[in-house]
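The values are calculated or read from the model by the stated rules, or taken from the named source; none is laboratory data. Values in this document were obtained by computation on a predicted structure and should not be read as measured data. A quick note on method: Cβ atoms are made from the backbone with ideal geometry, for glycine too, and the neighbour counts reach across all protein chains shown. In case anyone asks, the SASA skips ligands and DNA or RNA and just uses the protein heavy atoms, side chains included. Shrake-Rupley method; radii C 1.70, N 1.55, O 1.52, S 1.80 Å.
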Amino acid sequence: MTSTSICSFLRLRTLSEPKSLFNSSGSHSVATKNTNNHTYQTNLQNPLISPIWTVTEIAESVNGKIIKWGPPGTICTDTRDLKPGKNQWFFAVTGEHLDGHEFISPELYSKGCVGVVGNRVCDNWDKGFVHVEGNDNVNSINSLINMACYARNNRFNGVLVGVTGSVGKSTTKRMISLSLENLGINVFESYGNWNNRIGVALSLIGIDRNVDIAVLEMGMSGKGEILELARMAKPQIRVVLNVGSSHLESLTNLEEVAMAKGEIFWDAKSGDVCILNGDDPLVTSLPVPHGVRKVLFGQQMGCDVRLVAAENTDGGLGVRVVLEKGKEMVDFVIPSPGLHLSLNACAAATVATLFGVSLAQVGISLSKFVPVHMRSELQVARNGIRIVNDAYNANPISTRAAIDLLKSIACDGIRVAILGDMLELGSSEIEFHEKILSYCCDCRIGLIGLAGMRFRTAVENMNLIKADNIIHADDAEILARKIVKRLKFNDVVLVKGSRSYDDNSFETSLGKGFCG
């Protein structure tokens, strides 16, 4: 059972459907009218929504050969996303576990496929075909990246904002897009957490020609990855949010993590802007190329946009934020729990004000913020149990912040933390899990549910295996059933865990052993 299904299980077992505390359409595309009667379109880049590519553009972008012509269409990398009646070209990517070419068959015709981009097609293929030389995964992924570079250099003429950091990328990306709504322009926001080389490539391929500003997040697990993404996307505005204890399987210490994140600055050119967290010494120490504008955000005096104050409000369900830039100041409430959102808002305001958005307008926009799915997403069952779904990913920084969030929410019952193993922490992983478990105890969390072998080892090392308020299970479904038996209507439940990915689907997982 995944962490997502744990949330669903808890809601179902509390005999009600969940309802969001704050209104959200759940749509991937939101259009609103501003005071100037312009339409602001935020495209959250549903994988099914993509601009049109001609067969000539496709062939040119991948250095391929047109074997069979086909009509213009959108680009799709997953046959499950094909839709009847929509012209779509299937880009057959060979991943570590799956080869997209194996899914090519005439059956795709009825699903809306009008052509294939790849090394080969099946027998009797009667639709378009752009042939790409090679037959291995390196070649097919490189071809996808070539298409992305072509899209960036030849199809998108707007401003690109690149965001990286150990935590907060997706939330800050969402806040940046929201803060730009008053400009009356087309803003593109990459879908979900498409922040690796394939995700960034697909995001660039999916930017429509009429987009004015695109906001992409960039993630990494080792050296050189951010540099590759930055060279692909060529952001004019480059943001580093923070450096924390993550990716320590391939990077030995925080200084190396900082250097890897700082690769986003390496190729910045005159006229570009590099935005840094002024509160994080590992970030402020990153070198910025000569002649490139450097802008700081944070609580420290001297930051270009300063977080003057942040406090929980509305019983922990909101965060009051005060921001300052020069002589301008704004005071507003983000209608979502978690003090960490205040620094994300400060970073977003720093980007937005570069485009001429006033702090007052930023405050109005962020007062409408709705949490990104599975990031501090607060839902309440009809019987009163509140569930904070923060299960998208976990590292020591984000897990500690999630526990602080849980602690800040007014609660007449007990606070329950369901935690899954944190991944990619290297040789110190057990120590990190022990510190998180110790922090839960210090915060007097009423009931602690733990999934995964790392947390089991931490519990054993700390002699807490018989503690009445700690429940551990290697299997997440068993853990959920144990937790449900002890819940009451006025409790607050936090679900926090790591995710792992394969090439076929993005399956949410709680700890080692639950990866899809």
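So which residues in segment 83-96 are of a type outside the set (Val, Ile, Thr) and closer than 17 Å to residue 139 by Cβ, if there are any at all? 90, 91, 92, 95, 96, listed by residue number. In segment 171-183 there is no residue matching the filter, namely being in a loop (DSSP other than H, G, I, E, B) and open to solvent by 20 Å² or more (accessible area, probe 1.4 Å). Taking every residue in segment 191-214 that is touching a residue at least 12 places away in the same chain (Cβ under 8 Å) and pairing it with any residue that is polar (S, T, N, Q) and not in a strand (DSSP E or B), at least 6 positions away or on another chain, the pairs with Cβ-Cβ distances below 6 Å are 191/45; 193/170; 194/203; 203/190; 206/45; 206/50.
For segment 223-242, filtering for residues that are surrounded by 17 or more Cβ atoms within 10 Å (Cβ to Cβ) and not in a loop (DSSP other than H, G, I, E, B) leaves 11. Among the residues of segment 384-408, those that are open to solvent by 20 Å² or more (accessible area, probe 1.4 Å), farther than 13 Å from residue 246 by Cβ and over 17 Å from the mean Cα position of the chain (by Cα) comprise 384, 386, 404, 407, 408. When 445, 465, 414, 478 are checked against the criterion of being β-branched (Val, Ile, Thr) and open to solvent by less than 30 Å² (accessible area, probe 1.4 Å), a single residue qualifies: 445. Please find, within segment 202-217, the residue that is farthest from residue 273 (Cα to Cα) out of those that are open to solvent by less than 10 Å² (accessible area, probe 1.4 Å) and in a loop (DSSP other than H, G, I, E, B). Among residues in segment 202-217 that are open to solvent by less than 10 Å² (accessible area, probe 1.4 Å) and in a loop (DSSP other than H, G, I, E, B), the one farthest from residue 273 (Cα to Cα) is 206.
Please determine whether any residue of segment 335-357 is closer than 30 Å to residue 412 by Cβ and open to solvent by 50 Å² or more (accessible area, probe 1.4 Å). Checking segment 335-357: at least one residue is closer than 30 Å to residue 412 by Cβ and open to solvent by 50 Å² or more (accessible area, probe 1.4 Å).
Could you please let me know if residue 142 is open to solvent by 40 Å² or more (accessible area, probe 1.4 Å), in contact (Cβ under 8 Å) with a residue 40 or more places away in the chain and outside any loop (DSSP other than H, G, I, E, B)? Criteria not met by residue 142.
Per the listing 488, 512, 466, the residue uniquely at pLDDT below 80 and part of a loop (DSSP other than H, G, I, E, B) is 512.
Within segment 184-201, the residues that satisfy the criterion of being assigned to a helix (DSSP H, G or I) and surrounded by fewer than 24 Cβ atoms within 10 Å (Cβ to Cβ) are 197, 198, 199. Scanning segment 424-441 for residues that are open to solvent by 40 Å² or more (accessible area, probe 1.4 Å) and not in a helix (DSSP H, G or I) yields a total of 1. Being open to solvent by 10 Å² or more (accessible area, probe 1.4 Å) and without any contact (Cβ under 8 Å) to a residue 24 or more places away in the chain is a property that residue 220 lacks.
Using the structure shown, decide if residue 313 is among the hydroxyl-bearing types (Ser, Thr, Tyr), within 30 Å of residue 410 (Cα to Cα) and over 21 Å from the mean Cα position of the chain (by Cα). Before you say what the answer is, go through the steps one by one.
Details: among the hydroxyl-bearing types (Ser, Thr, Tyr): yes; within 30 Å of residue 410 (Cα to Cα): yes; over 21 Å from the mean Cα position of the chain (by Cα): yes.
Here the answer is yes, as residue 313 does meet what is asked.
All of (1) part of a helix (DSSP H, G or I); (2) under 30 Å from residue 412 (Cβ atoms) hold for residue 444 with one exception: (1).
Scanning segment 368-404 for residues that are in contact with a helix residue (DSSP H, G or I) (Cβ under 8 Å, 6 or more places away or on another chain) and among the hydroxyl-bearing types (Ser, Thr, Tyr), we see that the one that is modelled with the lowest pLDDT is 392.
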